[in-house]
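The values are calculated or read from the model by the stated rules, or taken from the named source; none is laboratory data. All of these numbers come straight from a predicted model, not from anything done at the bench. Cβ coordinates were reconstructed from backbone atoms using ideal geometry, including for glycine residues, and neighbour counts include every protein chain displayed. Just the protein is used for accessible areas: all its heavy atoms, side chains included, with ligands, DNA and RNA removed. Shrake-Rupley method; radii C 1.70, N 1.55, O 1.52, S 1.80 Å.
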Amino acid sequence: FAVVIAVFFTLTASAAFVKGDATATVYTGDNYSFPTTGSRFPGPHNFNSVACSATFPTTDPATPLRLADFGFFNKVVYEPEDGLEKYLGEWMPDWDVVKEQRRESGCHDADSCNLKDWTSWFVFEGKPGTALEKTTVLTVRGTKTKLEMIFDLDLWSSGGLRNFAEQFSFVGSIVNSFWSSGLAKNVYKGKRERYQSVVDYLSGRLSADPDRTYYLSGHSLGGGIAQLVSAQLKVPAVVISAPGVVETAELLGLDPLPLQGLVVNVIPNGDPVPDGAGKQAGEVAPVQCLDKPGYGCHRVFNTVCSILLECGDQGSPARVLPCEFCPLGISENPELAPQC
């Protein structure tokens, strides 16, 4: 069983190595913008899906964050530094990146440098003069490097193994007994070191500036870590295609119950990752998948495109996107961008 789970999580992690996330993205050709309406917005009788109606307050009452905004934060963190700056400026022009912790580039910050910490994360804040200056979005990157592939397996395999073993009553009871034991929990608590820099940084910010508005976010592995930090610090998290964290949180000595009111997880239909690591702890916002069921449904840019197709783009002004950003969405809806 352990071998099966290990193979599953290795394949899951390797999904992030598809071209477009692991290398700097170069777009050429024409651009287009999504309209302000979509296939599910407005909905019948003014009832809109969760993906379209959910808004998250900022320090500017007129400019709440939407799921698409969190999607763009999670898209740009897969880019190298120059690509992140470029596409953040184009797609989220009211925001700056004020801190980057990239584990693949080594230790440059003595305050958050720990060889046992494997997490790459980024801090976005509203630009001066936008009324968003007092809003912070800490985004944890998903799987991009070989280290993060190991991190996936290290952190989530127990939940996947328990889910798999529960299909067999005798084996399931043995596996659950072990993972519920004090020994397993003592071993697992040490894994908090893998993302301790996020906890330390955000704890410091909360203490120094408690009136600021804070959000956690992340895609895939990053979304799982964001939820664990949310459980510890009680900061809301908006995540995409994140694994279920109930079992992992319990092993880490955290209470997953508060996440029911703190977490929204955007999960495309057909994405195999979110249910593979354990039970979901927060609210789920389902969206359609543009690709066939499988790892294409786990790609963050496909999810962003799905949200924009369903809900339209509420950005002001509307974002200008390259034709290559959403090829599946454009091929199925050519009227949106005939120039593409």
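Among the residues of the range 197-215, write down those that are surrounded by fewer than 24 Cβ atoms within 10 Å (Cβ to Cβ) and under 18 Å from the mean Cα position of the chain (by Cα).
The first filter runs over the range 197-215 and keeps only residues surrounded by fewer than 24 Cβ atoms within 10 Å (Cβ to Cβ), leaving 197, 199-215.
The answer is 197, 199, 202, 214, 215.
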Can you name every residue in the range 303-340 that is of a type in the set (Asp, Glu) and in a loop (DSSP other than H, G, I, E, B)?
313
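What strands (runs of 3 or more DSSP E) completely inside the range 68-164 contain at least 2 residues that are modelled with pLDDT of 95 or more and over 16 Å from the mean Cα position of the chain (by Cα)? Please lay out each step first, then the result.
On the way: elements: 95-101, 121-126, 135-140.
Those strands (runs of 3 or more DSSP E) span 95-101, 121-126.
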Of all residues making up the range 280-300, the number that are in contact (Cβ under 8 Å) with a residue 60 or more places away in the chain and either surrounded by fewer than 24 Cβ atoms within 10 Å (Cβ to Cβ) or among the aliphatic types (A, V, I, L, M) (or both)
6
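Could you list all residues from the range 249-266 that are outside any helix (DSSP H, G or I) and surrounded by fewer than 24 Cβ atoms within 10 Å (Cβ to Cβ)?
Keep residues of the range 249-266 that are outside any helix (DSSP H, G or I), which gives 252-256, 262-266.
Listed by number, the residues that qualify are 252, 253, 254, 255, 262, 264.
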Quick one: in the range 126-147, of everything that is in contact with an Asp or Glu (Cβ under 6 Å, 6 or more places away or on another chain) and farther than 22 Å from residue 190 by Cβ, which residue is surrounded by the fewest Cβ atoms within 10 Å (Cβ to Cβ)?
127
Return the residue satisfying two criteria in turn: it lies in the range 283-316 and is at pLDDT 95 or above and hydroxyl-bearing (Ser, Thr, Tyr), and of such residues it is nearest to residue 76 (Cα to Cα).
303
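Output the residue which, of all residues in the range 255-280 that are among the hydrophobic types (A, V, I, L, M, F, W, C) and modelled with pLDDT of 95 or more, is nearest to residue 51 (Cα to Cα).
Of all residues in the range 255-280, those among the hydrophobic types (A, V, I, L, M, F, W, C) come to 257, 259, 262-264, 266-267, 273, 277.
Narrowing further to those that are modelled with pLDDT of 95 or more: 257, 259, 262-264, 266-267.
On the way: 257: 22, 259: 18, 262: 16, 263: 14, 264: 10, 266: 8, 267: 10 Å.
Step by step, filter the range 255-280, then rank; the result is 266.
Please tell me if residue 218 is open to solvent by 10 Å² or more (accessible area, probe 1.4 Å) and either free of Cβ contacts under 8 Å to residues at least 60 places away in the same chain or closer than 17 Å to residue 136 by Cβ (or both).
no
Considering only the range 57-92, state which residues are over 30 Å from residue 116 (Cα atoms), in contact (Cβ under 8 Å) with a residue 24 or more places away in the chain and surrounded by fewer than 18 Cβ atoms within 10 Å (Cβ to Cβ).
Scanning the range 57-92 gives 57, 59, 60, 62, 90.
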Taking first residues from the range 180-197 that are over 19 Å from residue 103 (Cα atoms) and second residues anywhere that are modelled with pLDDT of 65 or more and open to solvent by 70 Å² or more (accessible area, probe 1.4 Å), the pairs with Cβ under 8 Å that are 6 or more apart or on different chains are 185/250
Out of (1) buried (at least 20 other Cβ atoms within 10 Å of the Cβ); (2) touching a residue at least 60 places away in the same chain (Cβ under 8 Å); (3) touching a strand residue (DSSP E or B) at 6+ places or on another chain (Cβ under 9 Å), the one residue 277 does not meet is (3)
